[in-house]
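Here's the structure, in structure tokens; my notes come after.
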Amino acid sequence: MRFHPGVGSPPTALLPPALAVLVLLLLGMAHPLGGQLRAAGPLDSAEVERFLDTTLVRRMAESRVPGASVAMVRDGKLLLAKGYGYGDLARREPVDPGATVFRVGSVSKVPTAVAVLQLAERGELDLHADVDRYLGGRVRVDGPFREPVTAAHLLTHTGGFDERFIGMAARSPAEAEPLGEYLARRMPPRVAPPGELIRYSNHGMALAGYLVEEVSGVPFERYVEERVLLPLGMRRSGFGPVRCAGCREATGYRLRGDRLVPARPDDLSQIAPAASFRTTALDMVPFLLAHLQEGQAGGGRILRPETMRGMHRRQVAHHPFLPGVAYGLFEHFENGRRALWHGGSWNGFTSLFFLLPDEEVGLFVAYNGEYQPELVEGLVSAFLDHYYPAPGPLPPPSGAAGAPGGGLAGWYRPLPYARRGVEKLVALFSQHAVRLDDDGRVLEVRFPGDGGTGRWAAAAPLAFRRVDEGLLHGPYGRAAFVPAADGRPAILSLGARALEKLAWYDTTAFHLVLLALSALVFLSVCVARAAGWLRRTGRRDPPASSAARGVHTLAGAVCALNTAFLLGGAAILWLGAGEGGIVFLYGFPPALRVLLVLPVVSAALTAALAGLLLLTWRRPVPRRAAPVLVALAGAGFLWFLYYWNLLGFNY
């Protein structure tokens with residue numbers, strides 16, 4: 001090669017940089033990450049602040065969030081703690097990272113898991129023993145399965161519990177129950193064997209907190225304060241209202257149309273260990289550091305090194321290719337990094353607890369606005385793309401078929417969902433459409449609502465890697481079909497989130513068509529009866545047989561009751577939607593309780609109508625077709641109500 005003066009550098013000038021590159025490459029090959037140097041990451045506080053000032057503030061503006069509080073740590077030190085916006089709009093109080101207290105929702109599960117592991121490392125609790133051994137009989141774990149539920153199952157959301165959210169909050173402290181009393185009355189039953197699948201369970205983690213209370217003999221809130229918070233100097237945090245000099249609680253806000261309205265300020269979660277933690281960003285700094293420094297920070301220790309390493313170790317995953325769950329934390333794979341995290345939301349608040357253990361980086365963010373993916377998953381992806389970009393393009397899709405055997409496309413429903421209560425109706429609008437190409441190499445999932453469509457390419461048989469640029473790329477970056485107990489791949493897992501395949505009669509389309517046809521029959525008969533009554537006003541009709549009168553009277557009553565139920569239920573749910581559905585957290589609305597009487601009466605009348613039609617089938621009954629159609633529509637409607645737990649009082 002000929003050197004041309006004035007172009008580049010002479011060969012001798014290239015030797016020092018070349019040697020430096022060679023040394024770096026050799027160091028990279030020796031690195032335990034398998035040839036990848038440790039990225040620089042967030043090192044400069046001013047640069048981190050500039051990043052958040054643009055990225056976080058933009059997301060807050062787009063999501064209509066009034067305020068946020070942030071803390072970031074690296075290598076045992078605080079990089080940045082800062083407040084953004086207002087903790088209270090009416091009083092124009094700016095967020096102070098050391099004084100503004102936020103509710104963090106499900107991030108509460110992380111200190112709860114720490115408390116359980118403390119008991120385990122002291123030998124007071126066996127993580128793999130039946131929890132009924134420790135519950136003292138007041139609270140029992142019900143279910144038809146022989147395998148016992150253990151504390152390890154509770155911390156990994158694999159207890160197999162049903163879902164329940166009605167009544168899991170109180171409007172005021174005066175309405176709240178002690179944790180044990182609430183769980184004794186409202187603990188959901190088991191609907192699957194423990195350890196089988198990850199089914200996120202608020203009540204399961206609340207039961208873990210009750211275990212702490214029963215084993216230690218100390219109320220849960222006090223135990224966490226004395227054994228988890230105070231050793232780290234966290235004096236502005238707690239499971240309940242935080243009272244300290246200079247503290248002020250942020251006000252949560254919800255969007256109503258284009259307006260921000262304050263959420264209920266004094267409500268309480270009945271499942272405190274799963275949702276009631278309150279803290280400041282600065283108070284979370286030693287908690288982040290303790291997780292990154294094998295259980296200790298600032299001279300205090302909350303877990304032994306081996307226990308903290310066990311807490312961060314993957315405990316359960318649906319598939320080796322997928323992220324799984326540790327004790328109280330979820331795995332997250334993105335840009336070639338393994339993270340541990342937990343998000344949270346509660347009535348106008350959203351939060352994020354995020355760790356990169358290999359990089360010794362931790363991030364905590366709390367908002368006083370409703371959860372939106374941009375605030376949590378979107379921020380995580382932006383942070384990783386900025387500080388730890390992907391090492392290179394994704395490997396090409398596997399040449400092997402991704403999903404051999406066929407029969408995998410269709411409609412899927414996320415786990416968990418309420419199988420026993422009226423909350424099941426929520427699952428009507430949470431179904432995902434799944435399709436694969438002919439070779440099973442491309443997987444597409446259409447999320448419900450305006451969630452868009454995600455696309456994955458085969459990485460191995462039955463396993464896929466996301467290839468689009470969807471917002472939830474990180475949590476759902478990997479997907480796999482998981483064989484069911486009988487060997488059929490009936491579960492699709494998006495990250496650690498399991499979805500079950502549905503039969504045609506379970507799908508939203510089938511149920512909405514059934515509901516629409518039934519409602520059309522009921523409403524048509526009601527309108528026709530009203531019009532006929534108006535026409536006959538002041539006119540005497542010829543007498544009809546008693547059988548004919550009975551058939552038409554029963555048909556009219558069935559239609560009137562079912563129409564009243566549908567219209568009344570729609571009105572109540574519409575009013576509840578104005579509160580974002582939060583009203584159901586405080587209990588089942590009394591008006592709906594009364595309304596549920598109507599289907600019970602309608603069921604009896606529908607049975608009577610069917611019986612009378614059979615008895616009078618050979619007799620002359622004018623306009624018999626209408627009552628027959630009502631009986632058929634009534635039977636279909638009752639099946640709809642039964643399927644969604646609306647026939648009876650299941651709340």
For the range 510-526: of the residues being touching a residue at least 40 places away in the same chain (Cβ under 8 Å) and open to solvent by less than 60 Å² (accessible area, probe 1.4 Å), which is nearest to Leu197 (Cα to Cα)? His511
Looking at the range 24-59, which of its residues are more than 18 Å from Pro357 (Cα to Cα), in contact with a helix residue (DSSP H, G or I) (Cβ under 8 Å, 6 or more places away or on another chain) and at pLDDT 55 or above? Phe51, Thr55, Leu56, Arg59
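Going through Arg138, Arg122 one at a time, which residue ends up being out of contact with any helix residue (DSSP H, G or I) (no Cβ under 7 Å at 6 or more places or on another chain) and either within 25 Å of Glu225 (Cβ to Cβ) or at pLDDT 95 or above (or both)?
Arg122
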Taking the range 595-648 as the region of interest, how many residues are in a loop (DSSP other than H, G, I, E, B) and either open to solvent by less than 30 Å² (accessible area, probe 1.4 Å) or touching a Leu at 6+ places or on another chain (Cβ under 6 Å) (or both)? 8
Checklist (1) under 23 Å from Arg478 (Cα atoms); (2) touching a residue at least 12 places away in the same chain (Cβ under 8 Å); (3) surrounded by fewer than 24 Cβ atoms within 10 Å (Cβ to Cβ) applied to Phe383, failing item: (3)
Need pairs with beta-carbon distance below 7 Å; first residue at pLDDT 95 or above and within the range 554-582, second among the hydroxyl-bearing types (Ser, Thr, Tyr); sequence gap 6+ or separate chains. Val558/Ser602; Val558/Thr606; Leu561/Ser602; Asn562/Ser602
Quick one: would you say Gly470 is part of a loop (DSSP other than H, G, I, E, B) and either open to solvent by 50 Å² or more (accessible area, probe 1.4 Å) or among the small types (Gly, Ala, Ser) (or both)? yes
Run down Pro173, Pro178 and say which single residue is out of contact with any Gly (no Cβ under 7 Å at 6 or more places or on another chain), at pLDDT 95 or above, farther than 23 Å from Leu329 by Cα and open to solvent by 30 Å² or more (accessible area, probe 1.4 Å). Pro178
Which pairs have Cβ atoms under 8 Å, sit 6 or more apart or on different chains, and link a residue in the range 415-428 that is touching a residue at least 60 places away in the same chain (Cβ under 8 Å) to one that is in a helix (DSSP H, G or I) and open to solvent by less than 10 Å² (accessible area, probe 1.4 Å)? Tyr417/Ala427; Ala418/Ala427; Leu428/His511
Looking only at residues in the range 137-149 that are within 16 Å of Ala206 (Cα to Cα) and open to solvent by 10 Å² or more (accessible area, probe 1.4 Å), which one is farthest from the chain's Cα centre (by Cα)? Arg138
Restricting attention to the range 225-233, does a residue exist that is buried (at least 19 other Cβ atoms within 10 Å of the Cβ) and either modelled with pLDDT under 95 or among the hydroxyl-bearing types (Ser, Thr, Tyr) (or both)? no
Flag if Arg164 is basic (Lys, Arg), buried (at least 21 other Cβ atoms within 10 Å of the Cβ) and outside any helix (DSSP H, G or I): yes
Filtered residues of the range 95-134 (kept if part of a loop (DSSP other than H, G, I, E, B), of a type outside the set (Lys, Arg) and either more than 19 Å from Gly195 (Cβ to Cβ) or in contact with a Pro (Cβ under 8 Å, 6 or more places away or on another chain) (or both)): Val95, Asp96, Pro97, Gly98, Ala99, Val104, Gly123, Glu124, Ala129
From (1) over 20 Å from the mean Cα position of the chain (by Cα); (2) open to solvent by less than 30 Å² (accessible area, probe 1.4 Å); (3) more than 20 Å from Pro97 (Cβ to Cβ); (4) at pLDDT 95 or above, pick out the condition that doesn't hold for Ala281. (3)
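The values are calculated or read from the model by the stated rules, or taken from the named source; none is laboratory data. Everything numeric in this text was worked out from a predicted model, so none of it was measured. Quick reminder, even Gly has a Cβ in these numbers, built from the backbone with ideal geometry, and neighbours come from all protein chains shown. Please note that ligands, DNA and RNA were not included when accessible areas were found on the heavy atoms of the full protein model with its side chains. Shrake-Rupley method; radii C 1.70, N 1.55, O 1.52, S 1.80 Å.
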